[in-house]
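The values are calculated or read from the model by the stated rules, or taken from the named source; none is laboratory data. As the structure is a prediction and not an experimental result, all values here were calculated from the model. Don't worry about glycine lacking a Cβ; one is built from the backbone with ideal geometry, like all the others, and counts go over all protein chains shown.
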Amino acid sequence: MKDKNFLVGVIIAIVLVSLYKCTSSTKPKQNQTEEGTLTLLDLNYISTTPSKATPGISFSVYKQIADGQFEEKQVKLENYKGKPVILHFWATWCGPCMMELPKYDAFANNPDIHNIAILSENQPPQTIAMLYKKRSIANLAITIDAKMMLAQVMGVRGLPTTIFIDKEGNEIGRVVGMVEWDNKRAVNLLLTQLR
């Protein structure tokens with residue numbers, strides 16, 4: 001009986017090892033995307049075909065004028081025509097958004113693109129200023145879509161969502177989910193869509 005159990009155990013172990021080797025050999029290696037071909041599909045990029053004009057919905061951009069005091073300016077996406085725009089929708093209650101925000105902020109130090117991280121919830125600018133300070137966010141303006149009108153009209157269904165807008169003001173694509181802003185190959189591939 002012991003020999004039979006031992007034999008069954010050995011057979012199960014061999015089957016498990018074989019299955020592991022078969023499945024692990026069909027998976028791409030972790031660094032394969034660094035050396036292999038990276039596609040927009042790998043980045044969850046969805047092309048907007050044909051491209052479409054962005055809506056004329058206004059949202060709030062806040063500038064700190066004194067400690068705890070902010071000046072509000074209502075703007076529309078058309079105010080940013082002439083340069084490509086990356087419109088990044090996020091919220092404070094969204095865990096992936098909070099993980100991604102510092103990386104997007106580091107990327108946002110790019111003079112050739114308008115980078116707009118737009119908060120899709122009703123929060124006072126003072127709260128967001130404290131959050132930015134705590135997370136060392138230095139390149140992104142405090143931008144709020146308090147009633148989520150812009151997000152709704154643009155069809156944002158989940159957060160984070162990043163929408164790519166060409167210099168004429170047309171949406172050309174989007175990524176639903178996190179973007180690897182610290183992955184140069186991924187970012188360069190996304191930026192080729194804006195050119």
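Of all residues in the stretch 178-195, those satisfying the criterion of being part of a loop (DSSP other than H, G, I, E, B), closer than 14 Å to Ile86 by Cα and not charged (D, E, K, R) are Met178, Val179, Trp181, Gln193, Leu194. Pairs are defined by a Cβ separation below 8 Å, a sequence spacing of at least 6 or placement on different chains, a first member in the stretch 177-195 that is of a type in the set (Gly, Ala, Ser), and a second member that is part of a loop (DSSP other than H, G, I, E, B) and surrounded by 13 or more Cβ atoms within 10 Å (Cβ to Cβ); the pairs so defined are Gly177/Asn44; Gly177/Pro160; Ala186/Leu38; Ala186/Val179; Ala186/Glu180.
Checking the stated criteria, Ile116 turns out not to satisfy the condition of being touching a helix residue (DSSP H, G or I) at 6+ places or on another chain (Cβ under 7 Å), β-branched (Val, Ile, Thr) and either under 24 Å from Gly68 (Cα atoms) or modelled with pLDDT under 95 (or both). Here the condition is being part of a loop (DSSP other than H, G, I, E, B) and modelled with pLDDT under 95; of Lys29, Lys21, Lys4, it holds for Lys29 alone.
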